[in-house]
Amino acid sequence: MGLGSLFRFLVGAEAPNDIGRKGENKIARKLAWSNTFGKPGITLNNVYVPRRDGRSSEVDLLYITRKGIIVIESKNYSGFIFGDENNKNWTATLYAGKDWIGRKQIEKHQFYNPIWQNRTHINSLR
């Protein structure tokens with residue numbers, strides 16, 4: 001067990017990757033029970049697809065049916081999300097309690113636009 005795993009075990013904290021995987025697994029379970037387009041499909045998690053530039057893209061979920069392939073980029077965030085299809089980065093804001101004199105604390109985390117990210121995945125699959 002590495003130090004990070006030991007710390008998360010001792011304090012009960014979850015790593016961001018663990019939280020993301022939980023969200024992906026929840027979507028995969030729901031897709032497994034759905035009959036999109038009237039037929040059950042196949043769900044693949046964390047698929048690495050080669051890109052033209054020699055790198056690879058990691059697709060969170062692929063849902064493959066007889067009618068087509070659905071490409072899903074999953075984010076498992078809490079709080080308020082700010083961004084739209086034109087912003088390179090989006091911001092997640094989350095209430096983080098109060099400081100020692102009673103002022104509200106807000107945590108802000110930026111992440112790459114998932115629409116742009118998913119567009120890269122789709123182009124790589126093409």
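Where a number appears in this text, it was derived from the coordinates with a stated rule and is not lab data. Everything numeric in this text was worked out from a predicted model, so none of it was measured. Note: ideal-geometry Cβ built from the backbone for every residue, glycine included; neighbour counts use all protein chains shown.
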Volume of the Cα convex hull of region 22-126, divided per residue and given in Å³
139
What is the sum of charges, Lys and Arg at +1 and Asp and Glu at -1, for the other residues whose Cβ falls under 15 Å from the Cβ of Gln105?
+2
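Using a Förster distance of 35 angstrom, determine the FRET efficiency expected from the C-beta separation of Asp84 and Arg29, and round it to 0.05. Present the calculation step by step, with values, prior to reporting the outcome.
Details: r = 29 Å, r/R0 = 0.84.
Computed FRET efficiency for Asp84 and Arg29 comes out at 0.75.
Which loop GluC sites (Glu not before Pro) in region 53-108, with loop taken from DSSP, have no more than 14 other Cβ atoms within 10 angstrom of their Cβ? Write out the running numbers ahead of the final one.
Details: sites: Glu58, Glu73, Glu85, Glu107; in loops: Glu73, Glu85.
Those satisfying the criteria are Glu85.
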